[in-house]
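Contents: one structure, followed by commentary.
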Amino acid sequence: MRTLVRPVLAGVVGLSVTIPAALVSTQVHAAATGGISGTVVADGGSSLEGIQVAAYRWTSGAWQTIAGDQTDADGLYAIENLQPGTYRVGFTDHSRRHFPEFFDNEKFVDVARDVTVADGETTPDVDAGLAPAGLIAGTVTKTSGVPAPGIEVQAYVWDTSMGPGWWRSMAMATTGPDGTYELRGLDTDSYRVGFRDTMNGSLAAEYWDDVATREAATPIQLERGQRLLNRDAHLVAASHITGRALDSSGLPVEGLAVSAYQKDPTYGYWTTVASTRTSSNGTYDIGRLAAGTYRVGFRHETNKYLEEYWPSGATPQSAADVVVGPEASVGGKDVVVVRPASVSGVVTSSTGAPVLGAYVSPRRWNESQQTWEFISLQYSQQTTNASGQYSLTGLRPGRYRLQYSAFNGSSPFIPEWWDNQQHEAESTVVELGEAQALVGLATVMEKGSTIRGTVRRPDASPVEEIEVLPYLWVPHLAEWRKRDWGGWTDEGGRYEITYLMSGTYRLALRHDGQVIGWLGGSSLQTATDVVVGPDAALTGKDGTVDVPTPDPTPTPTPTPVPTPVPTPVPAPIPTPTQTSTPTTTPAPDLASQLGGVAEDLRVSGKPAVGRTVRVTGLVAQLRTKVGYRFQWYAGSTAIRKATRPSLKVTRAMRGTVLKVKVKVTAGGSSKAVTLKVGKVA
C-alpha cells in the first residue's frame with residue numbers, strides 16, 4: 001500500500017489517504033498542436049501580400065473560422081496552434097483586387113478540399129492562386145471641372161435571382177480629394193454606375209453617362225479581370241423643392257419628415273429619393289434632386305398628424321406631380337396637415353360574450369370618385385382581442401361605413417355593417433371630424449335566426465313551390481327593404497327562412513316571381529309584423545294564398561300488346577292452336593319515373609376549400625321536359641345564391657357539413673331529395 005499526503009488548508013498539516021497502488025495516476029500524453037502553411041500568388045505567379053488566410057473547422061453544425069494569418073511580402077503564411085483534425089482554408093483579398101477562394105480553387109467552403117493537421121506537425125503547400133477581379137474607375141468633377149470629393153459611387157446589376165428582378169449594388173466607393181474612384185471586386189457582368197452627393201446634397205445625382213435614372217444609364221460591359229478606366233462624371237448643382245407645412249388652424253408644424261418620391265419605371269411603385277424636415281416655422285427645402293418628376297409626402301414620426309401628399313392626397317398615387325428642371329428650385333408646395341380621428345368599441349355575441357378575432361373594416365367615402373373605398377390602417381387594432389375590443393386609429397376626417405366579420409369554427413357569424421345591418425347600403429354612416437375620438441361603439445354579432453311556417457289554400461290544402469320572401473324594416477331609412485333570399489314551400493307547404501339578423505320583418509308570398517299574397521295582410525303596408533330576436537327560431541308563421549289546385553296527371557290507358565302466333569308444326573293430324581289473351585302491364589307513371597331520377601342523383605367532387613362539388617345524374621327528358629331546382633346548405637344554413645347544380649367551396653364553409661336539396665319537376669309532378677356531401681376540409 002502507498003500513502004499520499006497533500007496539504008489542504010493553512011493551519012492543517014495534512015490529510016493521510018490510503019489508495020491501492022493500481023489506482024496511482026500514470027503520465028498522460030498531451031497532443032501537440034500543429035499548423036497549416038502555404039503561399040498565395042496572383043494568377044501569373046507574383047506573390048500577394050496582405051491576403052487574409054483563415055482556417056475553418058466543423059463546429060456546431062457549420063464550418064466556422066478557428067484561426068488565421070496574413071501573407072507577408074513573399075506571399076507566405078503560417079497558421080499555428082491548431083489541434084489535430086480536419087480543416088478547410090479560405091483566402092480573401094480585402095482590397096477587392098482579387099476574387100476570394102477556398103482551397104483548392106473552390107468558391108464555397110462547403111465544397112472545399114479537406115486539409116488534415118496531424119499531431120505536432122505543420123501541413124505545408126496549402127497554396128492558392130487568386131484571379132484578378134474587374135475594376136471600373138474614373139473621376140468625378142463639378143462646376144468648372146473642379147474635383148468632387150466625397151461622392152458615393154455604386155455599380156449596379158439587374159438581379160433576377162429573387163423574383164422578376166431588381167437593381168442590386170455590387171460595389172461601392174467614395175471619391176477621394178482628387179475626385180477619383182475605383183469600383184473593385186467586379187466579375188463578368190453588365191453594370192450601371194451611379195453618382196450621389198451624400199455629404200451636403202449640393203450636387204444632383206446622376207448615372208453614367210450623364211442621365212438621371214438607372215434605367216436610362218449606359219450599360220458598362222465588364223469581363224473578369226478587366227480594368228475599365230475613364231468612366232467619368234460631371235455633376236451639376238442639385239435642384240430643390242421648397243414649401244411650408246401648416247396645421248388646420250394655420251400654425252406652422254415643425255419636425256415633419258418631407259420626402260420626394262419618384263415612380264419606379266419597372267414596377268410602378270413610388271420610392272423615396274431625397275428627404276428633409278420642416279423647420280420651426282414649418283418651411284422645408286428638399287435638395288439633392290436631379291431634373292425630373294416627383295411627388296412630395298409629409299409624415300409625422302409619432303403619427304400626431306396624418307400622412308399627407310402634396311397638395312392634398314392620402315397616398316403617393318393620389319398626389320400631384322411636381323416637375324423639376326435642371327439646377328432649378330420649385331417653391332410654393334405648401335400643405336395643411338390634420339390630426340387623425342379614431343373609432344373604438346366592443347364586439348359581443350347575442351349571449352353577451354365577447355367575440356375574439358372579429359375583424360373591423362372601414363370604408364371611406366371618396367367624393368371625387370363617388371364611391372365607398374377600402375382603406376388601409378397601418379397602426380390600428382382592427383381585430384378584436386379577448387375582451388372583444390377594437391380600435392381604429394389614423395382615420396381622416398370624413399364619412400365612414402364599418403363592416404364586422406367573424407368566424408367561430410363551424411358556426412360563422414353573419415357579416416354585418418354598423419349599426420346592425422346586413423347590407424352596406426342600409427348601414428348607418430359614421431361622421432368623423434379632425435382629432436375626433438368616437439368611443440363605445442357596441443356591436444352584437446349574430447349567427448342567424450330562422451322563420452318557419454306553412455302556406456295553405458283556403459281549403460287548408462298545402463301549397464307547394466311558393467317563395468316566402470322577407471322584407472326588413474330599416475329604422476334610420478324609414479322603409480322596408482327586401483332581402484336577397486327567402487324560403488320555398490315543399491310538398492307539405494312547409495318553408496324555412498334562415499340566416500336572418502334580428503329585426504322586424506314582413507313576409508311576401510310569391511309564385512313564378514310574382515307577389516300573390518302577404519302573411520297576415522293584403523299588401524306590404526298591411527302585412528303582419530314578424531319580430532325576430534337574435535339567434536332565434538320562430539315557428540308557426542303560416543299564411544294562406546288562393547291558388548288553384550293543380551290537376552292530377554292522368555294515368556295513360558295501356559295499349560294491349562298481342563302475343564305473336566307461333567308457326568304451326570306439321571303433324572299427321574293438324575290440331576288448331578288456341579291464342580291466349582295477354583295481361584297488359586301499365587307503363588310507369590311520371591311520378592314514379594321522377595322518383596327514379598331523384599334516387600339516381602349523386603354529388604361528385606371533394607368538399608374542400610377551393611374545390612367544386614357538382615350534382616350529377618341529371619336527366620333532361622322523360623315524356624316531357626324535366627326541370628330542377630337546387631339549394632345548397634352549409635349545415636342548416638342556406639347558402640345565398642347557391643342555386644346551381646355546382647358549388648365552389650369557399651373558406652367560409654370550412655368545418656360545415658355541405659348538402660344540397662334538389663327538387664325535380666316534370667309535367668306537374670315533383671320529387672325532392674336531399675344529398676349529403678360531407679364536411680368541408
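The values are calculated or read from the model by the stated rules, or taken from the named source; none is laboratory data. These figures come from a predicted structure and were not determined experimentally. Note that we place each Cβ from the backbone using ideal geometry, even for glycine, and neighbour counts take in every protein chain shown.
Points to keep in mind about this one:
- Qualifying residue in the range 155-173 (condition: over 36 Å from the mean Cα position of the chain (by Cα) and at pLDDT 95 or above): yes
- Candidates in the range 419-439 are the residues that are in contact with a Lys or Arg (Cβ under 7 Å, 6 or more places away or on another chain) and in a loop (DSSP other than H, G, I, E, B); of these, the one that is nearest to LEU472 (Cα to Cα) is SER427.
Results for (1) charged (D, E, K, R); (2) within 30 Å of the chain's Cα centre (by Cα); (3) not assigned by the TED database to the domain that holds GLY250, shown as yes or no for each residue.
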site: SER312; (1), (2), (3): no, yes, no
site: PRO326; (1), (2), (3): no, no, no
site: VAL330; (1), (2), (3): no, no, no
site: ALA358; (1), (2), (3): no, yes, yes
site: ASN366; (1), (2), (3): no, yes, yes
site: SER387; (1), (2), (3): no, yes, yes
site: LEU392; (1), (2), (3): no, yes, yes
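- On inspection, ILE466 fails the criterion of being more than 43 Å from the chain's Cα centre (by Cα), surrounded by fewer than 16 Cβ atoms within 10 Å (Cβ to Cβ) and in the same structural domain as VAL530 (by the TED database).
Table: residues versus (1) among the charged types (D, E, K, R); (2) outside the structural domain of ALA171 (by the TED database); (3) within 27 Å of LEU228 (Cβ to Cβ).
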| site | (1), (2), (3) |
| --- | --- |
| ALA54 | no, yes, no |
| ASP72 | yes, yes, no |
| LEU82 | no, yes, no |
| TYR87 | no, yes, no |
| HIS94 | no, yes, yes |
| PHE99 | no, yes, yes |
| ASP104 | yes, yes, no |
| ASP114 | yes, yes, no |
| THR122 | no, yes, no |
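- Among the residues of the range 109-120, those that are loosely packed, with under 15 Cβ neighbours inside 10 Å and assigned to a loop (DSSP other than H, G, I, E, B) comprise ARG113, ASP114, ALA118, ASP119, GLY120.
- Selection of strands (runs of 3 or more DSSP E) fully inside the range 320-404 by the criterion of at least 1 residues being without any contact (Cβ under 8 Å) to a residue 40 or more places away in the chain returns 322-324, 359-366, 371-374.
- For ASP197, the stated conditions hold: it is surrounded by 15 or more Cβ atoms within 10 Å (Cβ to Cβ), modelled with pLDDT under 95 and not hydroxyl-bearing (Ser, Thr, Tyr).
- Some residue of the range 289-309 being free of Cβ contacts under 8 Å to residues at least 12 places away in the same chain and either basic (Lys, Arg) or crowded, with 17+ Cβ neighbours inside 10 Å (or both): yes
Conditions (1) in a loop (DSSP other than H, G, I, E, B); (2) surrounded by 21 or more Cβ atoms within 10 Å (Cβ to Cβ), marked per residue:
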site	(1), (2)
LEU441	no, no
ARG481	no, no
GLY492	yes, no
ILE497	no, yes
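- Any hit, the range 141-158, residues being of a type in the set (Lys, Arg), more than 25 Å from GLY44 (Cβ to Cβ) and not assigned by the TED database to the domain that holds ASP43: yes
- Of residues in the range 256-283 being among the β-branched types (Val, Ile, Thr) and assigned to a loop (DSSP other than H, G, I, E, B), the one nearest to TRP166 (Cα to Cα): THR266
- Flag for VAL430 being hydrophobic (A, V, I, L, M, F, W, C) and touching a Phe, Trp or Tyr at 6+ places or on another chain (Cβ under 7 Å): yes
- Restricting attention to the range 261-274, the residues being surrounded by 17 or more Cβ atoms within 10 Å (Cβ to Cβ) and either closer than 19 Å to LEU306 by Cβ or touching a Pro at 6+ places or on another chain (Cβ under 6 Å) (or both) number 2.
- Look at the range 605-616: where a residue is assigned by the TED database to the domain that holds THR674 and among the hydroxyl-bearing types (Ser, Thr, Tyr) and a partner is part of a strand (DSSP E or B) and surrounded by 17 or more Cβ atoms within 10 Å (Cβ to Cβ), sitting 6+ places away or on another chain with Cβ atoms under 8 Å, you get THR612/LEU647; THR616/VAL603.
- Qualifying residue in the range 208-219 (condition: within 42 Å of the chain's Cα centre (by Cα), of a type in the set (Ser, Thr, Tyr) and over 30 Å from ASP187 (Cα atoms)): no
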